[in-house]
């Protein structure tokens, strides 16, 4: 049995598909997120974080998803050249994930997809609590593409814009718990997913989990840990499923 | 019963999400396509055509689909301001269709989606004959999103790049017929869709239809005619399904 | 590219699968409907209307659907001989549509099927507002046969019999809006279909559309316009899907 | 626990939805079928058989299915008045089954539906061997309506018209076995259904079952036995699912 | 046509996969159930009943389902050697049904599966009323395995443990009716299944059926009658679907 | 953000649901597998391995699956008391996984389920290559239960019994590659799963992956790494989905 790589360092890049460093949140927020990821990473894992030069400040629509993709793909392609072992696409909607997988050979992980399959093995029916009603259709579409829509009980939103989630943490947390409780009661969910990366980095998922008494999937954690799992298992998305664009000559 | 609009002229814009005028095909090909569309349009319809300034020369991958979207959305937004009554997104993969529908109120039609629902009312099982194996996964994904995947018998490709389809028309036509015949025999299709706009404008769909003895859906024709049908029925995609991005303040 | 037919007149027959002219509504209602269709038809389209000699006065059950079919098929077969270019089967339940397609080569359009695929491209989830609870099961069955049941959010009824819909237009309109609003709120619909041809000809669809703020598909309009679209695109249902009955010797 | 009815005689009518007695087969064939049914019925069951006055001679298309329905419904309604305890609709395609259930309260059984659910509990994937390619689409549609399409592996035909099945019994039997073997090998079936009542009464199902080594469902047997099971269990199709046509005033 | 067996006696064993005779209910309850089954069986049918030596006292979880299987399979294997013509697995959850079918050639019937397919031919949407919330997930899973999940409207529970169902018959009956009425109203069911064998033997199904006005499927009755139907039709589960375990050397 | 556990040791038990130590393979094989797992585990992970006292020697049927469950559940319950942080159920068919999750609070991982969701994020269509035809139905059933059956392209077998897989490693490897190549070509798979734990521990998955050029999911690796991921993310299967058996009084 060939060994899985362990002795050497694993380098992971977390790419935010937006211009977060130019928003109010600034570089500081990037640093804060990096620290959280690094703290939770394996001992031999080094996590770096970056955002992109050109794109939306945050993503609450299909339109903003698409705006973010060209620069993010470019950043992912570059990361492979820089020797990263894997990339986390830092938006729950996984914008452009298939394109990134076409362009590189290293594993690129989407938090939406990863959280959904994790939820699928933790229970029978999961609900996603996300930011705004405007992203519900595209998360339902994502579940279909991932192939687990039969386990999706519902997508519900707190109707707080991404950039305001952190303004009043208590309000946000309370709203998330409220929507999750409706999902449990009304949609018969048995697993909850936090459906936004800014929620994921608020440090509230375990408190909510305790409160609800059912698993709460934090997309930041599971993306990190499952990417580590894939890298150490020498697994990368299938090039037969995500072929290199023929015209680009590889 | 409120009248449907008839007396006034209907203005339609066909937007090519790529830089066709900068390729070998050039402005001439745009002119040729416009002429075909105009000829087949209703008497009071005026069809204009345009491509985009920045984007891929042709689309044979998810990556190129995404590259095309930002400039195309912008062009569609502008077309609404210019008073167009509707837009055809001129690529069979419908790249960014949901974003365009978020950003405008006039109907935007995707040839892939439109062809698939047309095929769904013409038979029980349809096959799509497209250009390259590399686009098969994203057309299968499109069928799921449209919601007609239960009638999709197969997607098959001729493995000729978009920009070479016209190099030898006879070879292309022969290859399409060959793949369609396999679809009939092996996948039990009863309707064929030409799965690429450059195929659609080659003027071969009716000959192939006659040869095969089953309906061959030409995405250029049906997009045009169904867009006219929607406009004259005062129907436009639901803003509840495709809401305006909240942050952009409308 | 072969020209689509435009220069010559397009002749369409709207066949009511019931004995409307013998009901209270009488020939007058047929004339009124013909006028509405003609007004909304393309400039070169001539629309005729007919009902059948023997059959139900209106259709609110599977039983009445079947009663209507033999005479209606016969009328459709005859219409092809008379040179019509296409037929609209004038009942939302599309009774016997497959049989009609077996027996003729010209396109026969069912308003139920046509409205459902139109709704499928206008949004993510559609609801049908129909006349009586008794037809809900067969409309749900129709959605399965058409292949778009994944986008069907609900079928709801106003519980007013077909022949009484016009007795008090204001009540009917109010009831439709009420049910549609429940569909929006409770079933998360983003498109509404008027699920009865007598509703379609009441001239209320656009007012309801304005009121609800989402697309309201009028089966009369879309059947007419999509039939015109098919005829001008030289498309007819697949004879491989709807073969001529073998014993009848064609 | 209320007793199930046993002491009194159970009267069943087998209704052939066609004019068999007027074909070459004649009254004799009706008598022969009645005898087979009676022989296999429970001790207290009396089976009668009838065909209809007006309708197709045999059914190999949707068109002929619909032609058979009005007279057959009438016959079923009459049978309830005559005191029959249940009816078998004697055509594998179950033409008009829902209408019959709307019009009476006694159980009406369709051989297609009954055979499919029986096959569903005998294995994981079933195939139907039927008469002509022309009925394949409507049997696939039937499986969807019954709700067991996920277990339908395939519908295959011997391409022998109904009225010629008995001309050369050996040829017919050989053709059925050939198609069934393809279904086993190619479609991975583990249960076979004889998809035509004229096949069912040829007395060959058990020989084929022995030959193939897997269950062969005979629609005549299972319709009879399951109808007896329903009657003795006091079960009849739901009037909530198949409501009486509202206008007919019951 | 080979005769179906009628002249000889049909011997059926009802196996309770639990240690009922060791519970408070005792041998007496086994005797009572046998009597009910015998009374409702065909004239030539002899029904025996047995429980198992080692296993759970009742089944309200997946864990208890599994505990019951080894001894029950053994009892089923033995029953085939003893000459039984068929076996009813006496628990609504059908625990280990596939294993039993692997190990014997005689038909083994699961009440859950049998009731679901019976419900599927009686209406469009069925609900199961069962004992405890804890078995809802495994009944939903069973519907998927049977292949009729598209007709499953809901599983609801009265939240009374199996062994307490009979303590106050009136309370139990009232609770079942209450849950069934919610299923009708809220889940749009048109058929109800009693989802527990102890409910089935309480002698209340017909009273509930009368009260609700829709079919109430009693799993004890339909298992008995459909097993008789299979035996007399010479049908047994497919050995291709349920092959003998290869290592055990048959 | 609460820290994920890292500083302390993570203890994992791999439970073989069979009596492997009593077979020819003996304790030695258990030791060998433990070593492989330990080698691939995280630095702070301690892996133990055990089999069960009573059960089948290997699993190639549903019957043997069920035989293994009672003792394995007991072992899992005990492992929780012994302080293990998580358990891997060491059989690809995941026998009794739901029961184990009912009985404990620590995460229990099934290699079948875990491999399928991993495959679901690596490509569009996966195939499972397993030991014997006799387990194909239960793996197809597992895919339905997990909820990813829409991505399952096929289950294929090498038809070598579990206990003989290691007799001639070259033959086994060659057979696996052959079947995988058929899956790629014929079933259009883009990811392969080794569908048996004895295959997983043969040390051939990466060689096969290289040969095929697409991801080959090794269920031993991914179970280990994803269990580590769940433990470090504080995630355990939902007790709402897998409730404790009510009668057992917790």
Rounded to 0.05, the calculated FRET efficiency for the beta carbons of residue F:239 and residue A:22 at R₀ = 45 Å is 0.55
Reduced to Cα centres, the span from the range C:125-162 to the range B:10-57 in Å works out to 40 Å
In cubic angstrom per residue, the convex hull of chain D built on its Cα atoms measures 133 Å³
Unit-weight point scatterers at every alpha-carbon of the range D:201-250, Debye formula, q = 0.18 1/Å: log10 I(q)/I(0) is -0.74
At R0 = 25 Å the Cβ-Cβ FRET efficiency linking residue E:82 and residue E:57, nearest 0.05, sits at 0.50
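Counting only C-alpha contacts under 8 Å and six or more residues apart, can you give the relative contact order of chain A as a whole percent? Could you put the intermediate results ahead of the total?
Working: 467 pairs, mean separation 53.0, N = 250.
21 percent.
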Rounded to the nearest 500, the 222 nm mean residue ellipticity computed for chain B from DSSP H runs (n ≥ 4, each -39500 (n - 2.57)) alone is -13500 deg cm²/dmol
Relative to chain B, whose Cα atoms define the longest principal axis, helix B:26-40 and its Cα axis are tilted in degrees, nearest 10, by 80 degrees
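What's the exposure ranking of D:169, B:132, D:199, going from fewest to most Cβ atoms within 10 Å?
On the way: D:169 12, B:132 20, D:199 27.
The order, fewest Cβ neighbours first, is D:169, B:132, D:199.
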Rounded to the nearest 10, the angle in degrees between the Cα long axis of helix A:111-122 and the longest principal axis of the Cα atoms of chain A comes to 60 degrees
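Using the C-alpha gyration tensor of the range C:112-219, what are the square roots of 5 times its eigenvalues, in whole angstrom, with the largest one first?
Numbers: eigenvalues 78, 46, 29 Å².
Equivalent-ellipsoid dimensions as semi-axes: 20, 15, 12 Å.
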So the FRET efficiency between residue D:211 and residue E:187, C-beta based with R0 = 56 Å and rounded to 0.05, is 0.80
Here the whole-number average of other chain Cβ atoms within 10 Å per Cβ of A:196-203 is 1
The distance between the Cα centres of the range B:183-250 and the range A:65-100, in whole Å, is 31 Å
Residues F:186, A:124 in order from fewest to most other beta-carbon atoms within 10 Å are F:186, A:124
Relative contact order in percent for the range B:112-219 (Cα pairs under 8 Å, 6+ apart) equals 35 percent
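What percent do you get for the relative contact order of the range A:1-134 when only Cα pairs under 8 Å and 6+ apart count?
Working: 205 pairs, mean separation 33.7, N = 134.
Answer for the range A:1-134 is 25 percent.
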Note: D:92-104 gets an average of partner chain Cβ contacts (10 Å, Cβ to Cβ) equal to 3
Neighbour-count ranking for C:84, C:244, E:66 (other C-beta within 10 angstrom, fewest to most) reads C:244, C:84, E:66
Rounded to the nearest 10 degrees, the helix C:136-146 long axis (Cα) sits at an angle to the longest Cα principal axis of chain C of 50 degrees
One point scatterer per Cα, no solvent, Debye formula: log10 I(q)/I(0) for the protein assembly as shown at q = 0.05, 0.06, 0.07, 0.08 Å⁻¹ comes out as -0.39, -0.57, -0.80, -1.07
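Any read-out appearing in this document is the output of simple, stated calculations on the displayed coordinates, not a laboratory observation. Small disclaimer: the values here were computed from a predicted structure and weren't measured. All Cβ positions, even for glycine, are placed from backbone atoms using ideal geometry, and neighbour counts span all protein chains on display.
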